[in-house]
1. Going by a ≥ b ≥ c, the root eigenvalues of the Cα gyration tensor, does the chain fall in the rounded group (a/c under 1.5), the prolate group (a/b larger than b/c) or the oblate group?
2. Figure the gain on full extension for T81 and A206 (residue separation times 0.36 nm, minus the Cα-Cα span) and round it to one decimal in nm.
3. Can you give the relative contact order of region 18-137 as a percent, counting alpha carbon pairs under 8 Å and 6+ residues apart?
4. Once amide H atoms are built 1.01 Å from N in the peptide plane, which residues 5 or more positions from W103, or in another chain, come under 5 Å H to H?
5. Rounded to the nearest 500, what is the chain's calculated 222 nm mean residue ellipticity when only DSSP H runs of at least 4 contribute -39500 (n - 2.57) each, over all residues?
6. Could you work out, for region 67-127, what percent of all Cα-Cα pairs fall into each 10 Å distance bin, beginning at 0 Å and stopping at the bin that holds the largest distance?
7. How charged is the neighbourhood of R37? Take every other residue with its Cβ under 13 Å from the Cβ of R37, and add Lys/Arg as +1 and Asp/Glu as -1.
8. How far is the Cα center of region 100-124 from the Cα center of region 130-170, in Å?
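None of the figures in this text is laboratory data; all of them are computed from the coordinates on show. Given the structure is predicted, the values throughout are model-derived calculations rather than measurements. Note: ideal-geometry Cβ built from the backbone for every residue, glycine included; neighbour counts use all protein chains shown.
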Amino acid sequence: MTAHTAGQGTGGRTAPTGGGVPGADHRWAPGEQVLWRYRANGSAEIHICRPVTVVQDTSELLAVWLAPGTLCVRPELVDGTAVHCEPLATRYTRPRRTARVHWTGNGVLKLARAGEPWSVWLFWEPGWRFRNYYVNLEEPRLRWPGGIDSEDHFLDIGVRPDGSWHWIDEDEFAQASAVGLLDTEQCGRVRAAGLAAVERIEAWAAPFDGGWDRWRPDPAWSVPALRDDWDRAPVTEHQRLS
């Protein structure tokens, strides 16, 4: 399957969650529905969960589609305040809970190259006018039968269609470090990962050169449901995405 056409799917079939962990030779088919999850920083608990549809799954790249209207899980403060609305000084220290919300906007295409400590997200305006790439710095994804798990690293990179780029959320990255969610060694690794991602951006290397901005979802795909076991225990390090 090329980047420009959606593969023939499985009619929105949900990937099984039971059994063992898939090995390097296991791949999801286009149209299968899996979970893209993030652990809370400094915790083993899942606090972000997004049901997605598989676009492509090879040894080099996992591509998934987060459809508009998808019911997702995200963190919020215990009083219901959205995390981004809380002042930075207390954003990462006030108690939180998880909440179920529907994804708004025009959907997101997520691209994850095996072993890289970031994923690349594509956003469109109404009418499929391409808006931008977003490089989300994160732990390399860990794979389990029903999806993948990672941990967000706060610092991100915005990339315009012309290839120009800029850092995003440097203030949140600094605050997360200040309150102990990232130690000095982790901060160094995240910065190094960001600079490595910048090298790929400036070289316009994969996945930026793949024509994914012209991709469109299969209209036959259904919006994935949020599973009852969305918060099942995260996988372990030896199950890293191959």
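1. It comes out rounded by the Cα gyration axes.
2. On the way: separation 125, 0.36 × 125 = 45.00 nm, distance 3.77 nm.
Taking 0.36 nm per residue and subtracting the Cα distance, the gain is 41.2 nm.
3. Details: 224 pairs, mean separation 21.9, N = 120.
Relative contact order for region 18-137 comes out at 18 percent.
4. Placed amide hydrogens put G69, T70, L71, C72 under 5 Å from W103.
5. Details: 2 runs with 29 residues, N = 242.
Dividing the helical sum by the residues of the chain leaves -4000 deg cm²/dmol.
6. That works out to 19, 31, 39, 11, in percent per bin.
7. Net local charge, R37 excluded: 0.
8. Result: 7 Å between the Cα centres.
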